[in-house]
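Undergrad: Could you have a look at this structure, given as structure tokens, before my questions?
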């Protein structure tokens, strides 16, 4: 009878050999990039820079002593607000990161006489220990070199470590979920954050911790049900072997092989596919956007956060935010439209640009609906009489600018020389008027003129 080796020693054996392999690769890269003579000079220059920076840092801290005291006061007074915001970080990461490293090596261990559940648990404990060490080192440095009190620093370290622990399971389960349920849970957390901002009390923070603890207890029983191991391994392998220094040395950027998209587990994937031109284009856009969620989600979150925060700045700031959001969102949409025809099988197929534009519009509107949430809340709270007209005005300007930029992209793809300067400057003028519509609501009545221009630009032929 063969005795089974203990899991921990086997796991450490895999980690040790992985570390050795990466060390050899780094050694080869450094040998290619730096020769011994340059290394000596770099060591001397680096030592001088470290010694000089110590004196510079001391002078900087003395000169900005009052700023550090102000930061300490703000951090102490906004502790509960930060507590309610922190879960959003892990929820947004769940679009592209399961929160636990479980690579193909760990999966192979699971095919040996080791349970995946135990391997996963060992990986989680390793993650927590690493984060504890990193936070303690950073916290100790902050306490030593700044006048911020050690009590506050280690309070925040405790908060970060606690959030890392209680958000591990929710992030793992969110990673396995479909796209729209994730958005729904993020919406719930945003509502709790909104309540926390309004009340400025520990109630929202305590409620957040209580809800997270209950969710952990509920999800623990189904932790390994419906796990998409292929996608988990794909992300984990990329995180382990993505070495920027090697990419710089070889001048080859390491790219993640995206075999799975965020829409991979949707119910529609399991239905019989209808081979029509419309359905094919819809599926192509779905797969493409799903593989680019790492770029899309941060942009959408930044725009959403901007639109949600600006109403608290002053009464004119939200209109500036709406103009910026329309400009950024349509520019990003046009960029993705252009890039779509340089990726995958589309790059070698004949294109029907107007039809692709029509199918892409639906996906653009889906994203626009998310940004409409804070806009509708703001309009409903400030100007209920003009709110509907303003909403139509903003939507019509968005559609106009979108069609202008997509049409310009289509002309570039079709290699035709058509000038869009007049249309573009008209779009910029409309964005300026969006800002002034807050001061002069009567401007929004010009939506009729915008709709006429929109009809003209939509009928543009190539």
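Undergrad: Is the shape of the range 7-231 best called rounded, prolate or oblate, per the rule: a/c under 1.5 gives rounded, else a/b larger than b/c gives prolate, else oblate, with a ≥ b ≥ c the square roots of the Cα gyration tensor eigenvalues?
TA: Oblate, since a/c reaches 1.5 and b/c is not below a/b.
Undergrad: Among rounded, prolate and oblate, which fits the range 64-187 when a ≥ b ≥ c are the square roots of the eigenvalues of its C-alpha gyration tensor, a/c under 1.5 means rounded, and a/b larger than b/c means prolate?
TA: Oblate is the answer for the range 64-187, as a/c is 1.5 or above yet b/c matches or exceeds a/b.
Undergrad: Rounded if a/c is under 1.5, else prolate if a/b is larger than b/c, else oblate: which is the range 266-458, with a ≥ b ≥ c the root eigenvalues of its Cα gyration tensor?
TA: Prolate, since a/c reaches 1.5 and a/b exceeds b/c.
Undergrad: Once both labels are modelled 7 Å past Cα along the beta-carbon direction, what's the residue 415-residue 188 spacing in nm?
TA: 5.4 nm
Undergrad: So, one more: So how do 210-222, 391-403 stack up, highest first, on mean other-Cβ count within 10 Å?
TA: Put in order of decreasing packing, that is 391-403, 210-222.
Undergrad: Using a 7 Å offset from the Cα along the Cα-to-Cβ direction at both residue 339 and residue 129, what is the distance between the two label points in nm, to one decimal?
TA: So the two model labels end up 3.9 nm from each other.
Undergrad: Determine the distance separating the Cα centre of the range 68-104 from the Cα centre of the range 382-457; give it in Å without decimals.
TA: Taking the Cα centre of each part, the range 68-104 and the range 382-457 sit 37 Å apart.
Undergrad: Next up: With a Förster radius of 22 Å, plug the Cβ-Cβ distance of residue 287 and residue 116 into 1/(1 + (r/R0)^6) and report the FRET value to the nearest 0.05.
TA: Step by step, r from the Cβ atoms, then E = 0.20.
Undergrad: Could I ask something else about it? With a Förster radius of 51 Å, plug the Cβ-Cβ distance of residue 137 and residue 392 into 1/(1 + (r/R0)^6) and report the FRET value to the nearest 0.05.
TA: So the FRET efficiency works out to roughly 0.40.
Undergrad: Further, regarding this structure: Could you please rank 208, 439, placing first whichever residue has the fewest other Cβ atoms within 10 Å of its Cβ?
TA: In increasing order of surrounding Cβ atoms, one gets 439, 208.
Every number in this text was worked out from the coordinates using simple rules, so none of it is lab data. Note that this is a predicted model, so its numbers are computed, not measured. For neighbour counting, all protein chains shown are included, and Cβ atoms are generated from backbone atoms with ideal geometry for every residue, glycine included.
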